[in-house]
Every structure is written in structure tokens, then in C-alpha cells.
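Worksheet: the structure to be examined is printed underneath.
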Amino acid sequence: MNDVIHAAQESETFGFTTEVTVRFGDCDPAGIVFYPRYFEMFNNLVEDWCAQGLGMSFRELHLQRGLGLPTVHVETSFVAPSELGDLLRAQLRVQKIGGASVTLRVRLAGPAGEDRVRASLVLA
């Protein structure tokens, strides 16, 4: 798995991208994303990156290989609100690979490409 992550790190700036639709369940009564939902979006992005970008699903990682990939540290900047119905561009890149961890940069951008949320995730 480490070789696959190294290859991803060398070839990407924000190399893994997917789209996220802001759903009713993501929002507070004002119709904007309730901030803890962003952390679920981050985890979904990591899960999609593993499956599509690295070729190893969470099912294979967790259930077949007995490996976990827990988030142990998060730093987040909430730049602008996202609203019900927005289509966000979720982007991920490998920033650093440690002995037993990987640091990922995450960006969620609005329909016009403007930052909504930026984060650094450390997975171990």
C-alpha cells in the first residue's frame, strides 16, 4: 500500500477529485452545511480515494486485510458556507508520508471554484 501512496504523491497536485452534493441531511435549519458534516465528507473522500485512486476499497483494507486507516489529527479552515443543493468539488492530495502515517490536504470548492473548506488530515 505504501508504494501506491508514494506513486500518488509523486503524480498529483490535487490529483484525486470527486463531486459532493450537499443534501438536506447535511444542513442546519438555515440551509447551510452543519460543520460536523464536513468531517463525514472528508472521510467519504478518503474512502473514495482509497477505492478509486489507490485501487483498495475500505472493505478490502478493513475486513480482508485487517488494516485500519483512522484519522488521528485534523486541522480545518471553514472559508465560506455551503448551502443545500450545492455541488462541491472535493479534492485530495498526499502532502507527506511518515513511517506509520500519511498527511492529506483536502479542499472542498463551490460551483465557481471558490474555497469552502480546507483541511489537513493525518491518517495513521
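The values are calculated or read from the model by the stated rules, or taken from the named source; none is laboratory data. Treat the numbers as computed from the prediction; the structure is a model and nothing was measured. Don't worry about glycine lacking a Cβ; one is built from the backbone with ideal geometry, like all the others, and counts go over all protein chains shown. Ligands, DNA and RNA are excluded from the accessible area calculation, which covers all protein heavy atoms including side chains. Shrake-Rupley method; radii C 1.70, N 1.55, O 1.52, S 1.80 Å.
Can you pull out the residues in the range 95-124 that are part of a loop (DSSP other than H, G, I, E, B), more than 13 Å from VAL46 (Cβ to Cβ) and touching a Ser or Thr at 6+ places or on another chain (Cβ under 8 Å)? GLY110 - this is the single residue of the range 95-124 that is part of a loop (DSSP other than H, G, I, E, B), more than 13 Å from VAL46 (Cβ to Cβ) and touching a Ser or Thr at 6+ places or on another chain (Cβ under 8 Å).
Residue pairs whose Cβ atoms lie under 7 Å apart, separated by 6 or more positions or on different chains, with the first residue in the range 87-111 and more than 25 Å from VAL33 (Cβ to Cβ) and the second of a type outside the set (Ser, Thr, Tyr) and open to solvent by 40 Å² or more (accessible area, probe 1.4 Å), are VAL94/GLN9; VAL94/GLU12; ILE97/HIS6; ILE97/GLN9; ALA100/ALA124; SER101/ALA124.
Only one entry in PHE16, PHE42 is closer than 11 Å to ALA90 by Cα, touching a Lys or Arg at 6+ places or on another chain (Cβ under 9 Å), modelled with pLDDT of 95 or more and crowded, with 19+ Cβ neighbours inside 10 Å, namely PHE16. Could you list, in sequence order, all residues of the range 45-94 that are among the hydrophobic types (A, V, I, L, M, F, W, C), closer than 19 Å to ALA112 by Cα, open to solvent by 40 Å² or more (accessible area, probe 1.4 Å) and in a loop (DSSP other than H, G, I, E, B)? Within the range 45-94, VAL79, LEU84 qualify. Would it be correct to say that LEU108 is within 28 Å of ALA30 (Cβ to Cβ) and open to solvent by 70 Å² or more (accessible area, probe 1.4 Å)? Criteria not met by LEU108.
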